[in-house]
Every structure is written in structure tokens, then in C-alpha cells.
Amino acid sequence: MRNYVQRALPYFLAREGRLDQRIINLARILVEHSLEIQPEQRVHIGCWPFSPTAMPYLEQITRAVLRAGGFPLLDIEPEFFDTLLIKEGNDAQLAFVDPRLMMMVREWERSIVLLCEENTRRNSNLDPQRQAFRHKHFQEFHEVGLARTAAGEHRWVLTNIPTNGYAQEADMALEEFEDLYFHSIFADSDDPIAEWKKVYDEQEAIITWLKGKRDVHVKGEHIDLKLSIEERPFINCYGDKNLPDGEIYTAPVEDSVEGWVRFSYPAIYSGREVEGVELHFEAGRVVGASAEKNQAYLESMLAMDDGSRILGEFAIGTNHNLDRFVKNITFDEKLYGTVHMALGFGYPDSGSKNESALHWDMICDMKNGGQIFVDGELFYESGEFMI
């Protein structure tokens, strides 16, 4: 009971008029900047999983949607649900995708997803084969959403709101983690939306330089990888789909990736941490994979389907307000001075043709002499763009 009250306390303080202004700013960023919600647009607000910590966030986001004229629908799933389903569900239950979710992704205009985990390791000991089976049956949901997003028919944004669970993963107190989170999304600034527009302008200049380029060679202490970006656009990420944000990404030509990479940080997927991942590529496919911890889990994810051994994304993190690895991919892939790559499906707007139920981001540090050459020209070194 005491733990529940502690987690619910921010909500009750908010009701007493002591709401953190940064939460109000977050709601404004999501509604006015990320999604640009218009009157009568249907807005799905999902909290997966839900905890009482989310209450002040959900209230302010709902209020902001209402003020924009949108039609909000709250969709709340408790933390035990996915764990219990994977542990005790039969195959038919694992394969079942809620038709309300499919209706939303096929028809609605906007979606806000809040992740609010209090126990980030609750699924660490579940059967990875059953997890992979469950992920595979969500492939249609993801493909429909990606296609509608690429067509401009649906917009979504995801954020991990601060919890004790995320703070503990980062070896931080909750207040420290809150400060990091709000600073990384500019919610502690006087005009957060203006700050995100600056990010857009800076990254758009880099993307403009990359247009029409073909060959990328990434070199460093932990990487020697070549890939083609011919006719593959880079996408500007400026708080429109993720918070925190700050990256540019593209989809490598599927059969072009050659070389190796040893990822500097643990690769975390579905609550399972895999350390010391090293991948070797030939003709675009992973032909060798090893890990210092949870090798069997890595192999099970690579065996998920035919596209899980192919890179669907190559990206560069640009967020200067993130200064540490916190074991949360929404934060860590945006780390300034890193590149990351995703095994599995890629985003259609970046030209990806790879289909998979998997999308697993893994991060490589570039700050200690890492270089990126584009068409033979030095483009990036030790975290700095050289163009």
C-alpha cells in the first residue's frame, strides 16, 4: 500500500495545483509539435504499461488534446498483462491482436504512446521463443501503421515517462532521471517547441548534404562497416515520433552491408539484456553473431524470420542534452557521438524494403576517433559532423 501511495503521490500533488510545469510543456510538445493535432482528429493515448506515476502525464496530455479540438481515447494496459500472457497464454492467445488496436491503426489519425515501466526486468526470465512468437503476430499491426505513416495518413509519437524503474536502470535517483528526461526534450526551457525547430533546421542541413550520396564507410575501434545508401533518404528526427529525440536515419540497401561491428553498450530487447554483441555481415546478412551474455536469446531473435538478419536502419545520434547511457533505447539511440543500427524491419519513408517482425536497435560509440566517410569524403569524426 505504501509503495502505491508513493507512486500515486505526483498525481495527488497535481490535483492540489502543484503540477510540474515541465509536464505541461511535455503535453504541449506532444500535441502541438509532435502530432500537430487538429480539431476532430481521433487521438489514441496508450499507456503500456500503466502505473499511477502516469496519472499527471495522462491528465495533462488529455487536456492538451481537448484544447486542440481532438477526440481523445485512453488505452491503459497494466504491467502484469504482457508478462502473464507470455507465461500462461496458449498459442491462440499469444497470436491474438486486439481488433480495437487494428481498427485504430487502420483508421485513426493520431496516436500517443507512453511507456511507464516500474519493473523493466519483469520479462527477463520468460521463454524467448514465446516472446518471438508474440512479436511475429504483431507484424501486420506494425506494417499497417508504417504504411499509413509513410503516406501521411497517421502520425504517432512515443515517450518513456520517468519512473523509479527507469531511474534504477540508469543508476539514478528518480529526481535526477526526471531532470535528464525533461532536459533532453527541452521541457525545462522557456519555449520547447522553438528548441525542437532549431534541431530540425540543424539536422536538415546535414541531410541536404547527404542527398544523392551512395557509399558509407564507418570505421573505428569497434566497427569497420561498409553499406550503400543509394536512393535511400535520411530522415530528420526532431521530436516528431520520439521523445527524447535527435537523430538522422536511413535504410541501408539490403544486400550492401559488409564488415563487422561490436556494439559498445548492452543491446536490450523486450526486457532482456544482451552484452558484448558482435555481428559480421556478408552481402547484407548477419553471417556471424556472438554475445558475452545471453547468446541464446540473440540467436533466437536472429531466427525470428527471414528479415531479422538484415539491417533495416542505420542512424546517427545527435542529442547533446543526453550525456550518459541509461539502458533505455528511446534515450540511448539519441546519444550524441554514437551510431546505431537496427536488425529487422526498416521504415518505408527511408526506403527500406526489409520485412520482419523484429526491430532491434544496437548502439556503437564513436566519440574516441570513430569516423564516417561518405563517397570517400570525411563526413563525421568523434561525434562531430565535418562537412
Going through Lys211/Lys293; Lys211/Lys353; Lys87/Lys219 one by one, the pairs whose alpha carbons sit over 31 Å apart turn out to be Lys211/Lys293; Lys87/Lys219
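Just how large is the dipole of the chain about the Cα centre, in debye to the nearest 20, putting +1 at every Lys and Arg Cβ and -1 at every Asp and Glu Cβ? Before the final figure, lay out each step's value.
On the way: 39 positive and 65 negative charges, 170 e Å.
In debye, rounded to 20, the chain gives about 820.
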As straight-line cross-link partners of Lys334, the qualifying lysines (C-alpha separation under 18 Å, not fewer than 8 residues apart within one chain) are Lys197, Lys198, Lys241, Lys367
Packing-ranked peptide list from 361-369, 168-176, highest mean Cβ count within 10 angstrom first, is 361-369, 168-176
Label model pair Glu140, Glu202: point-to-point distance (7 angstrom along the Cα→beta-carbon line) in nm is 4.3
Carbon and sulfur atoms account, in whole percent of the 1.4 Å probe accessible area of the chain, for 50
Tilt, helix 192-210 to longest principal axis of the chain (alpha-carbon atoms), in degrees rounded to tens, equals 20
By the mean-Cβ-within-10 Å protection proxy, highest first, 332-342, 141-151 rank as 332-342, 141-151
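As a check on your grasp of the helix formula, calculate [θ] at 222 nm for the chain: sum -39500 (n - 2.57) over DSSP H runs of n ≥ 4, divide by the residue count, round to the nearest 500.
Helix contribution divided over all residues of the chain: -9500 deg cm²/dmol.
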For His222 the rounded accessible area (nearest 10 Å², probe 1.4 Å, non-protein molecules ignored) is 50
Quick calc: nm separation of the 7 Å Cα→Cβ label points for Phe80 and Arg121 -> 2.2
Expressed per residue, the solvent accessible area of the chain in Å² (1.4 Å probe) is about 44
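The values are calculated or read from the model by the stated rules, or taken from the named source; none is laboratory data. Just so you know, these numbers come straight off a predicted model, no measurement behind them. With ideal geometry, Cβ positions are generated from the backbone for all residues, glycine too; neighbour counts draw on all protein chains shown. Remember, those area values only see protein heavy atoms, side chains included, never the ligands or the DNA or RNA. Shrake-Rupley method; radii C 1.70, N 1.55, O 1.52, S 1.80 Å.
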